[in-house]
Each structure stands twice: as C-alpha cells, then as structure tokens.
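The block underneath contains the structure these notes are about, expressed in structure tokens.
Throughout, read-outs are computed from the coordinates displayed, never taken from laboratory work. A quick note: this is a predicted structure, and the numbers were derived from the prediction, not measured. Note that we place each Cβ from the backbone using ideal geometry, even for glycine, and neighbour counts take in every protein chain shown.
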Amino acid sequence: MPCLSALDRVLNISDLQALAHRRVPAFALAYLEGGADDQHSLAWNRNVFDNWRFLPDTLVGAAQPELTTPLLGNPSALPLIVAPTGFNGMLRHQADILIARAAHAAGIPFTLSTVSSASIEDIAQHAPGGRFWFQLYVLRDRGITRDLLARAQAAGCETLVVTTDCAHFGNRESERRFFRAPMKLTLPAMLNVACHPAWTLDVIGGSRGVPGFGNLAPYLSPEARKSGRGAAFIASELDPTLSWDDLAALRAQWPGKLVVKGILHTADARRAQALGADAIVLTNHGGRQLDGAISPMETLADIADACGEALEIYIDGGFRRGTDVAKALALGARAVMLGRPLLYGVAAAGQPGVAKALDILRSELTRTLGLLGVPRVGELTRAHLRAA
Ligand SMILES: Cc1cc2nc3c(=O)[nH]c(=O)nc-3n(C[C@H](O)[C@H](O)[C@H](O)COP(=O)(O)O)c2cc1C
C-alpha cells in the first residue's frame, strides 16, 4: 500500500492547522493566529457555536444534498467565500495566487485584500477565470483609493468589499513580542526562523527577501518598497475618520456589487442596506480588532430579521466545521467567509492544501445536511436549531 502523505492524513481543519504549525516559524504563526489584547473575541468566535444544537428531521430521504448557493446574482458551488487576508506571502510564496486558483477550482468567490502580497493585476494574470472580489481599506489619500478602485475594475473584479472595522489597528501583542523594532525580529525569533529551512527557502530564499504589498507598491518609494516599510505606510494611511459619507461616496463611485464588511449592529446593517449595499459581512475581523466584541453569530438572527431577503448576509469568525457553517445558514446567513482555515491550507501545502480545506468543509456540510434531512442548503431554517 502506498504511503499516505501528511496531507492525505489530514481529517479536519484542526489537523491542517497542526501541519501549518510545523512548517511556519513562530513569528509568522503569531501573525496568522493572533487576536487582539487578551484574545477574548478570538476564543469566543469558536465557543459560540455551542449556543445552538441541531434538531434533525428523520426519514426524509435527502440522498445528495445540494450545496450550490446564489451569491450576488451568480451561483457559487458552496455557500463559502474566501475572506480577504493581508500579507499571505509571509506564509508561502505566491500564497494569494494559490488560494485564488483553489477557490476558482472549487467554484467559490475569492477576495483579495488591499494589503495582499500579490497585486490585483497578478491575480487577474495568474489566477484567471474565477469570481474575483477586491477588499478595500479606504486610505487617507483618496487619490490612491480611487486608483485602487480603477485598477480593480480594469482587472475585472465584480465585487468591492469595503472593510469598516479597521480604522484603528488592533493590538495584537502575541505578534508584537517577536519584534524588537518595526520589521526587525528579536534574536530568539531569528533562531526560530533558522529551524524552518523549508519555509525560509520558499518565502524569503534566493533574491526574494521579505514579501511586499503588491497593490501598494506603485505608491511607495523604491527605497520603502525594498526595506519592507510598506507596513508603516499602511499604518499611517488607514483613515480613522472613515464615515457613512465615505461609504455613500464609494457606492456612487463603484459600478459593481458592493459588500460592507465589519457590521455587528442591526442599525448599521439597516444603514448599509439603505445606502445601497448588496451584501454585508457580520464579523469581528477574526478577533483581531476589538477585544471583548460579540461574536457575529450572536447578532445574525436579529440582523437577518431586520434586513429581510433583499440583503445578502455573510458571516465569518471561527468557522472550522461544516456543522458551524450549517448553524450560520440556519440562522439566516447566505454564506460564510473563511480566513484562517484556508491560510492553514496554503501554509501547510500550497494550492492542494487550500483545496483540502475546502474539500473537508464541503464533505462535512454535505454530511450535516444529510443527517439533518435537508435536501438543499437554502432549506436550512431556524427550525433545525434549538438554543442550548
Ligand atoms: C492573517 C489575517 C489577515 C487578515 N487580513 C485582513 C485584511 O487584509 N482585510 C480584511 O478585511 N480582513 C482581514 N482579516 C480578517 C478576515 O477577512 C476574516 O474576517 C477573519 O479571518 C475571519 O475569521 P477566521 O480567520 O476565524 O475565519 C485577516 C485575518 C487574518 C487571520
């Protein structure tokens, strides 16, 4: 019998996470895993799913449940979307492109972050043919913001995802401890890097150096680009005065679909809807921004009731099992955005690792629907849940 590879032995997202932890040095793992302050939001995002238990129907003959879901006017093969995550090049060379290709192969939308390692144009060129969404951090320099929108449109991005919960940087201490100065690792962190030769060769080996910020490179001086000062540029450019007027202006500027990412409050969901948003993402940024925030799962049913069917509701934060996804769909979400699960995949094994994460969630969701006696994802309702 042929030997199983490490990826073949992965049974769930937690196994994939363990594989990623073996390959990636500690400072980069802290960036990937970290939450803000005491990491209460981060932990609560995982524990919140225990608030609901399933109530299955029986003897209903749901043979092969249907997972296809309409998202913003087009079918998605799964009720899943790749969440925007910045600086993925720190986990694997060309990680953004590998994730985008895996998302396209799985038939789900891919969202590129403003602070991605690959540029908008890189994705259009090297991962063509799928649903390509662009996430915008509104920068103080509105000229750059306008230019980013023009580039996204020219590259064929169908959807703009505006992130609203990052006007101030979250305090991720677990990550900061690895640095003695901006972009300068402590000695123990450097020694730890030396213990990860495969990562070192792949990510910073040869002439590669520290991964940059593909979208922002044109706005940085050549010197800032080389010295890894992109992060300082971003910190100085995030606009803490961001307001609903800015969102209205973006709605007027962007001709495609508009998604507002960063909503937890029912009143804000209604306001985004009134301003012409096509969808919203309920999120606490994966526990990385405001510590002690509610989990989006706690507010999902109220927001779904308040906004009705006309507004698509996406949700993220802590989704690691098909059962988690099913609970969100039953409470009124149209789809779930995935952050870390796909980053574990790309860090562990590149594009096949991302495909593995999506395969796991597909088969877990299929099994969950089968066991609940639900033939189609769209037919999950609150009747399938009971508050624990
Ligand atoms: C390493 C990392 C980088 C992220 N970068 C961004 C980003 O650039 N833009 C953004 O809107 N959200 C960003 N997020 C938040 C994700 O889009 C998403 O809200 C979150 O990861 C969902 O939680 P999960 O990781 O538990 O799935 C990032 C999250 C992580 C883990």
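Things worth noting here:
- Normalised alpha carbon radius of gyration of the stretch 213-336 [divisor 2.2 N^0.38 Å]: 1.25
- C-alpha center-to-center spacing [the stretch 210-261, the stretch 137-202] in angstrom: 11
- Backbone N within the stretch 139-157 under 13 Å of label point (7 Å from D246 Cα along the Cβ vector): 139-146
- ³J(HN,Hα) computed for each position of the stretch 188-199 - Karplus, 6.51 cos²θ - 1.76 cosθ + 1.60, integer Hz, glycine/proline x: x, 5, 5, 5, 5, 4, 4, 7, 10, x, 5, 4
- Sequence-separation-based contact order of the stretch 122-234, relative, with Cα cut under 8 Å and 6+ spacing, percent: 19
- Cα-derived Rg over Rh, computed across the chain with Rh taken as Kirkwood radius: 0.95
- Computed across the stretch 179-253, the Kirkwood hydrodynamic radius from all distinct Cα-Cα pairs reaches 15.2 Å.
- Mean shadow area of the stretch 1-53 over all directions, Cα convex hull, nm²: 5.7
- Overall dimensions of the stretch 85-175 by Cα: Rg and Dmax, Å: 13.5, 39
- With each label modelled as a point 7 angstrom along the Cα→C-beta vector, the D50-D38 pair spans 1.8 nm.
- Ranking of H168, H384 by neighbouring Cβ atoms within 10 Å, starting from the fewest: H168, H384.
- Treating r as the C-beta distance of H21 and H168 and R0 as 41 Å, the FRET efficiency rounds to 0.90.
- Ranking V210, G256, A274 by Cα position along the charge dipole of the chain, where only Lys, Arg, Asp and Glu carry charges on their C-beta atoms, puts V210 farthest toward the positive end.
- Computed over the stretch 306-388, Kirkwood Rh from alpha-carbon pairs, angstrom: 13.6
- Dividing the mean sequence gap of close Cα pairs (under 8 Å, 6+ apart) by how many residues the chain holds gives a relative contact order of 29 percent.
- Rounded to 5, the percent of DSSP beta bridges in the chain classed as antiparallel: 25
- Rounded to the nearest 20, the Cβ-based charge dipole of the stretch 288-352 about its Cα centre (Lys and Arg +1, Asp and Glu -1) stands at 400 debye.
- By the count of neighbouring beta-carbon atoms within 10 Å, fewest first, V354, V210 end up ordered V210, V354.
- Compactness index (Cα Rg / 2.2 N^0.38 Å), the stretch 1-147: 1.29
- D302-R140 FRET efficiency (beta carbon distance; Förster radius 41 Å; 0.05 resolution): 0.75
- Net charge of neighbours whose Cβ lies under 13 Å from the Cβ of G89, counting Lys and Arg as +1 and Asp and Glu as -1: -1
- Packing here is the average count of other Cβ atoms within 10 Å per residue, and on that basis the peptides 360-366, 107-113, 273-279, highest first, run 107-113, 360-366, 273-279.
- Computed over the alpha-carbon atoms, the stretch 120-214 gives an Rg to Rh ratio of 1.06, Rh here being the Kirkwood radius from the mean inverse distance.
- Under a Gaussian network description of the chain, with springs only between Cα atoms under 10 Å, the residue in Y344, Y219, Y314 that fluctuates furthest is Y219.
- Two-site FRET efficiency, Q125 against A235, from Cβ-Cβ distance with R₀ of 30 Å, rounded to 0.05: 0.55
- Loop-located trypsin sites (Lys or Arg not before Pro) in the stretch 106-148 (DSSP state other than H, G, I, E, B) with a sparse environment of at most 14 neighbouring Cβ atoms within 10 Å: R140.
- Dipole magnitude for the chain: about 800 debye, using +1 per Lys or Arg Cβ and -1 per Asp or Glu Cβ, origin at the Cα centre.
- Largest mean-square fluctuation among F179, F87, F27, in a Gaussian network model of the chain whose springs join Cα atoms under 10 Å apart, belongs to F179.
- Exposure proxy for L160, L59, L201, L4: other Cβ atoms within 10 Å of each Cβ, ordered fewest to most, give L59, L4, L201, L160.
- Alpha-carbon Rg/Rh ratio, for the stretch 67-122, with Rh computed the Kirkwood way: 1.01
- Simple label model, 7 Å out from Cα along Cβ direction - S5 to R208, nm: 1.7
- One equal scatterer on each Cα of the stretch 162-201, no solvent, Debye formula: the resulting log10 I(q)/I(0) at q = 0.19, 0.24 Å⁻¹ is -0.69, -0.83.
- Helix-only mean residue ellipticity at 222 nm for the chain, each DSSP H run of n ≥ 4 adding -39500 (n - 2.57), per residue, nearest 500: -12500 deg cm²/dmol
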